[in-house]
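S.K.: First the structure, which I've put down as structure tokens, then a few questions once you've had a look.
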Amino acid sequence: MMSEPKRMHPAAMILNFFTGLVETVKNYIIPFGVAFFLNQNHLVKMIAIAAGVLIFLFLIASSIIKWRKFTYRIEEDELRVEEGLITRKKRYIPIERIQTINTSAGLIQQMFKLVKLQVETAGDGKEAEVSLVAITQEEADNIQQVLFDRKREITGIATGEAGLQKEAVEKVEEAPQAPELTYKMSGQELLVAASTSSGIGVIISGVFAFITQIDDVFNLDWLYERFSFLNSAGAAVIGLVVFIGLVIAWLLSVIGMLLKYANFTIVRKNKDIIISRGLIEKHQTTIPLQRIQAIKIKESLIRQPFGYATVTIVSAGGSAMEEDKSTVLFPIIKKKQIKKHLCDFLPDYAPEEELNRLPKRSMRRYLLRASWPVLAVIPLSIFLSPWGYLSILLIPLFWIIGYLAYRDAGWKISGDRLIVSSRFISRTTAVVKRRRMQVFEVSRSFFQRRRKLVSIHTSTKSSILMEKFSVADVDQKDSEEIFAWYSYEKRVTGQ
């Protein structure tokens, strides 16, 4: 069972070098820039150059040594990794603790027809437990097959099949395999997803953060002087410049989304969901069905009017370096098609069309909560007169958002699933199975008590935190019905 120690492909040396180079640049670029560009002392510049050369040579040597001394193998129901020259490190990961195995391929991996394989456990660490940065696709497939097959055998033994291990394995092999299902996002859906994404905000904030950091080191007065004409420009010119900037940021956001979600494909194979995406950097994530904790359906203010939504999987295990606590299942999908596709891929989490809505007496509280930002409108109107008076137009907007939050909030019990819906800016609908709910809570404020209203909360495991879903101002009788449904499972299982 792959018991002989193996090394990664020699391309791992290149990847190790660039990883170390990026970390070094990130940590020392500012002091090196100050010493080399801003200091007029030639001795200091020579020292800086010599230090840069030494660091470069050290990175080359350490990359070679790291590749040479890194081995992995599967032995005695463990994935074993050994690394290090002076300090020898050994990590033995029991197969039953492995939650998921992900593969990706950056530019360097693709040049050598390799992939990066990451093994993650339920340990909630900051990084993947094991990362094999350069192995062949065949080797990656072999590792996944061996690990998952052996884990199923171990799980079967742990659940009371110890005396029938051979017979159980034979039955599994003889049992008919579930048909393989495939979904591929169309080019039109990809374009809609890219055009309506929220990446523009990330790009704008990133540009401002970059300019702020650079301005602390380098003098950017020359850049500001180029745009000094805006000081005396009219509102129309300033508006045009802002509009052009937003268009550029939107185009960059679209390009980023197109590269990220190109070739997006979902495959359900036996008891696993396999998600592949990416053009320049290819990613593949394998999620065992038993790891899934909940499904989230998110409808943003931009996508909801067009009938589109995003569906994500909340799953247990994983590392803190993941982009989110959730894995995107459908980056964008027509809302009327969600139930059909989930019935195909995840039938246990298919949502219901109609939810139990909140009582009419709850609407007042939603409108009041949405009115709090109005307090900021008053000082704007006073101190930024006369343009500040335009902020009064925001008041109806806040009330509309409050009404939408009331209208879209709701809940429903469907068999062993609890479906809850709420809105802050975007509408979020969560489908949670009762046995995946870690807790069900009911809270009530003084003002809610007077109207016999409560707020309900449930939590489930995610990659690094607890994912929480809440609905405010639910009828008190409804919360008692949900609690009775939830506590029934505890009584039956004796928990």
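The values are calculated or read from the model by the stated rules, or taken from the named source; none is laboratory data. Computed from a predicted structure; not experimentally measured. Here the Cβ positions follow ideal geometry from the backbone for every residue, glycine too, while neighbour counts run over all protein chains shown.
S.K.: So which strands (runs of 3 or more DSSP E) stay within segment 394-482 end to end and still have 3 or more residues that are in contact (Cβ under 8 Å) with a residue 40 or more places away in the chain and among the hydrophobic types (A, V, I, L, M, F, W, C)?
M.R.: Values: elements: 410-414, 417-423, 427-433, 439-443, 453-461, 466-475.
Those strands (runs of 3 or more DSSP E) span 417-423, 427-433, 466-475.
S.K.: Could I ask something else about it? Within the bounds of segment 471-481, is there any residue that is closer than 30 Å to P305 by Cα, within 20 Å of the chain's Cα centre (by Cα), modelled with pLDDT of 90 or more and crowded, with 21+ Cβ neighbours inside 10 Å?
M.R.: No.
S.K.: Condition (residue is under 30 Å from F306 (Cα atoms) and either surrounded by 13 or more Cβ atoms within 10 Å (Cβ to Cβ) or modelled with pLDDT of 65 or more (or both)) applied to segment 160-179: is it met by at least one residue?
M.R.: Going through segment 160-179, the residues under 30 Å from F306 (Cα atoms) turn out to be none.
Within segment 160-179, not a single residue is under 30 Å from F306 (Cα atoms) and either surrounded by 13 or more Cβ atoms within 10 Å (Cβ to Cβ) or modelled with pLDDT of 65 or more (or both).
S.K.: May I ask you to list the residues in segment 303-327 that are at pLDDT below 85 and in a loop (DSSP other than H, G, I, E, B)?
M.R.: A316, G317, G318, S319, A320, M321, E322, E323, D324, K325
S.K.: In addition: Here's a check for you: in segment 254-269, which residue that is crowded, with 18+ Cβ neighbours inside 10 Å and not basic (K, R) is farthest from the chain's Cα centre (by Cα)? It would help to see each step written out before you state the result.
M.R.: Looking only at segment 254-269, we keep the residues that are crowded, with 18+ Cβ neighbours inside 10 Å, and these are 254, 257, 260-261, 264, 266, 268.
Those still in the list that are not basic (K, R) too: 254, 257, 261, 264, 266.
On the way: V254: 19, M257: 14, Y261: 13, F264: 16, I266: 17 Å.
Among them, the one singled out is V254.
S.K.: Within segment 81-114, how many residues are farther than 20 Å from I135 by Cβ, surrounded by 13 or more Cβ atoms within 10 Å (Cβ to Cβ) and free of Cβ contacts under 8 Å to residues at least 24 places away in the same chain?
M.R.: So the count comes out to 1.
S.K.: While we're on this one: With the requirement that a residue be more than 32 Å from the chain's Cα centre (by Cα) and farther than 19 Å from I143 by Cα, what does segment 63-81 give you? Walk me through it before giving the result.
M.R.: Residues of segment 63-81 more than 32 Å from the chain's Cα centre (by Cα): 64-65, 68-69, 75-76.
Correct list: I64, I65, R68, K69.
S.K.: Just to be sure I understand, how many residues within segment 290-315 are crowded, with 16+ Cβ neighbours inside 10 Å and either over 14 Å from I101 (Cβ atoms) or in contact with a Phe, Trp or Tyr (Cβ under 8 Å, 6 or more places away or on another chain) (or both)? Steps first, answer last, please.
M.R.: As a first pass, look at segment 290-315 and keep what is crowded, with 16+ Cβ neighbours inside 10 Å: 291-300, 303-304, 308-315.
Keeping just the survivors that are either over 14 Å from I101 (Cβ atoms) or in contact with a Phe, Trp or Tyr (Cβ under 8 Å, 6 or more places away or on another chain) (or both) gives 292-300, 303-304, 308-314.
Residues meeting the conditions: 18.
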